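**Q** Pasting in a structure now, in structure tokens, and then I'll have a few things to ask.
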């Protein structure tokens with residue numbers, strides 16, 4: 001994947017040094033959006049589309065999962081990453097029943113944790129690899145994982161804003 005046709009994100013390597021700062025900025029954007037009307041935040045505009053709150057919970061969990069994946073890659077050569085069970089988490093963790101203010105705080109904390117791990121990567125470790133299972137099973141370097149996480153943050157901000165604008 002080099003670019004996202006839907007949101008326009010480009011997996012540009014020049015963005016890698018900025019990922020940690022941008023993750024914190026985008027987490028703050030989510031937190032601001034989560035300050036809106038709770039009923040609107042919990043509303044799904046279509047059965048197959050998550051609510052804004054569910055997207056925010058997903059991003060909190062993505063940031064935490066990606067942090068653990070980076071840490072694992074620093075300990076183990078080319079580990080195979082288990083899928084995070086993104087769809088199952090929606091029900092298993094009760095995403096739509098969570099308090100938006102709690103999720104906002106947790107998402108910002110998750111971004112700080114993720115950013116801290118990226119900021120501590122020595123230059124040589126950016127090329128360490130993982131076996132990533134999305135969009136298909138492939139060996140990926142950590143710099144791709146960082147860019148993919150930034151893509152997720154931006155893409156789901158777009159998803160949320162679309163719903164809030166409806």
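Taken together, the values in this text are just the output of simple stated rules run on the coordinates, not laboratory data. What you see is a predicted model; the values in this text were computed from it and never measured. Virtual Cβ from ideal backbone geometry, glycine too; neighbours counted across all protein chains shown.
**Q** Taking the convex hull of the Cα atoms, report for the stretch 19-165 its projected area averaged over all directions, in nm².
**A** Numbers: hull surface 33.0 nm².
That works out to 8.2 nm², a quarter of the Cα hull's surface.
**Q** Using only helices, what value at 222 nm comes out for the chain when you add -39,500 (n - 2.57) per DSSP H run of length 4 or more and divide by the total residues, to the nearest 500 deg cm²/dmol?
**A** Helix contribution divided over all residues of the chain: -19000 deg cm²/dmol.
**Q** According to the square roots a ≥ b ≥ c of the eigenvalues of the Cα gyration tensor, what is the shape class of the stretch 1-61, taking rounded for a/c under 1.5, prolate for a/b larger than b/c otherwise, and oblate for the remainder?
**A** Cα axes put the stretch 1-61 in the oblate bin.
**Q** Next up: With r defined as the distance between the Cβ atoms of residue 112 and residue 87 and R0 fixed at 25 Å, what FRET efficiency is calculated, to the nearest 0.05?
**A** Working from the Cβ atoms, E equals 0.40.
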